[in-house]
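Single-structure report; data block below.
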Amino acid sequence: MHLRQDTGTPGLPPGPRPALFKEAPGAADRNDTIPAAPDNAPGNETLPDPARPALACRVCRTVVTARQLAVTVGGAHRHVFFNPHGHVFEIGCFASARNILPSGPPTAEFSWFAGYAWQAVLCAGCAGMLGWRFTGQDPAFFGLILPALVEVEEPRA
């Protein structure tokens with residue numbers, strides 16, 4: 001097992017730690033496809049104002065992103081990671097997000113994506129934890145906690 005020297009994770013004494021920052025076993029076997037129906041799909045022409053699928057905060061239903069904004073990072077859209085405290089997160093990568101608030105300064109420490117710094121992001125509607133913004137390499141992206149999101153229909157503007 002590869003050990004990583006921990007220089008000061010809050011709540012943990014300094015010293016060697018197992019490399020918990022890899023994808024969980026079997027994560028690569030997951031189905032990473034995101035079904036999407038284009039606006040011109042058969043049947044949509046009968047609806048006068050079709051709604052667009054959006055992803056919202058599960059707690060307060062504030063719209064955060066859309067399935068169409070899903071991107072592939074490190075070969076997949078969905079990833080499962082452990083943090084230094086052993087908490088497991090299933091995240092999806094998205095090109096952009098809205099109605100979010102940054103929390104804390106960006107840091108490259110323990111980043112799940114090499115070359116990127118991360119910054120936690122909270123829901124602007126209820127301040128619930130929604131994921132992280134990753135910056136550093138071009139382009140930046142959001143890693144949003146998939147179980148914290150729910151699909152809703154967003155009317156066209």
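The values are calculated or read from the model by the stated rules, or taken from the named source; none is laboratory data. A quick note: this is a predicted structure, and the numbers were derived from the prediction, not measured. Every residue, glycine among them, receives a Cβ derived from its backbone with ideal geometry; neighbour counts consider all protein chains shown.
Here are a few things to note about the model shown:
- Residues satisfying the stated conditions in the stretch 114-129, i.e. surrounded by fewer than 19 Cβ atoms within 10 Å (Cβ to Cβ) and at pLDDT 95 or above: Ala117, Gln119, Ala120, Leu122, Ala124, Gly125, Cys126, Ala127, Gly128, Met129
- Condition met for Gly136 (buried (at least 16 other Cβ atoms within 10 Å of the Cβ), at positive phi and touching a residue at least 24 places away in the same chain (Cβ under 8 Å)): no
- Residue count, the stretch 105-138 (criterion: over 16 Å from Arg61 (Cα atoms), assigned to a loop (DSSP other than H, G, I, E, B) and within 15 Å of the chain's Cα centre (by Cα)): 4
- Leu69, sole failed condition from (1) without any contact (Cβ under 8 Å) to a residue 24 or more places away in the chain; (2) surrounded by 13 or more Cβ atoms within 10 Å (Cβ to Cβ): (1)
- Among residues of the stretch 125-143, those that are more than 11 Å from Ser103 (Cβ to Cβ) and of a type in the set (A, V, I, L, M, F, W, C), counted: 5
- Residue count for the stretch 139-156, restricted to those that are at pLDDT below 95 and either assigned to a helix (DSSP H, G or I) or aromatic (Phe, Trp, Tyr) (or both): 0
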